[in-house]
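Here the structure comes first, spelled out in structure tokens, and everything after it is commentary.
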Amino acid sequence: MIDRILSYAVGDDLAASREFYAGLFGLDVAMEDPVLALRSPANPTAQVLVLPKGMDRVAPNLGIDVGEPANVDALHAEVVRRGLEVVYPLTDEPWGVRRFFVRDPGGTVVNVLAHLR
């Protein structure tokens, strides 16, 4: 069910972040709007997403791509059933992902997502 796990960084200057990650580490730019998404040319599921400051009310610390929107729905239902804290509601975003954020027991905010197809 898990397609990839994402690391998030926050940046005020996305051009500088692009130069840092692409220029220094050789990552390919996969997306530039609304976030800067970079991926390894050798392993495209190894990714870093740079979020503009203030993009989300609560910035996620980690992203888990669960492959299909139906999996997002099922996990959201399970999170609610378990009484876990949803910190960003189940949403279809204009850039083509369904997602929600849940807080893990240690306080880490996890973005559970899948691309809409």
Selection count where residues are out of contact with any Phe, Trp or Tyr (no Cβ under 9 Å at 6 or more places or on another chain), of a type in the set (Val, Ile, Thr), farther than 15 Å from Pro34 by Cα and in a strand (DSSP E or B), scope the stretch 91-117: 0
Out of (1) loosely packed, with under 12 Cβ neighbours inside 10 Å; (2) closer than 18 Å to Arg99 by Cβ, the odd one out for Asn43 is which? (2)
Answer yes if at least one residue in the stretch 11-27 is over 22 Å from Leu116 (Cα atoms) and under 15 Å from the mean Cα position of the chain (by Cα), and no otherwise. yes
Kindly indicate whether any position in the stretch 99-110 is surrounded by 19 or more Cβ atoms within 10 Å (Cβ to Cβ), modelled with pLDDT of 95 or more and not hydrophobic (A, V, I, L, M, F, W, C). yes
Where in the stretch 17-79 are there strands (runs of 3 or more DSSP E), lying wholly inside it, with at least 2 residues that are not aliphatic (A, V, I, L, M)? 47-52, 62-65
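The values are calculated or read from the model by the stated rules, or taken from the named source; none is laboratory data. Everything numeric here is computed off the predicted structure, so don't read it as measured data. Because the Cβ atoms are built from the backbone with ideal geometry, glycine has one as well, and the counts that use them run over all protein chains shown.
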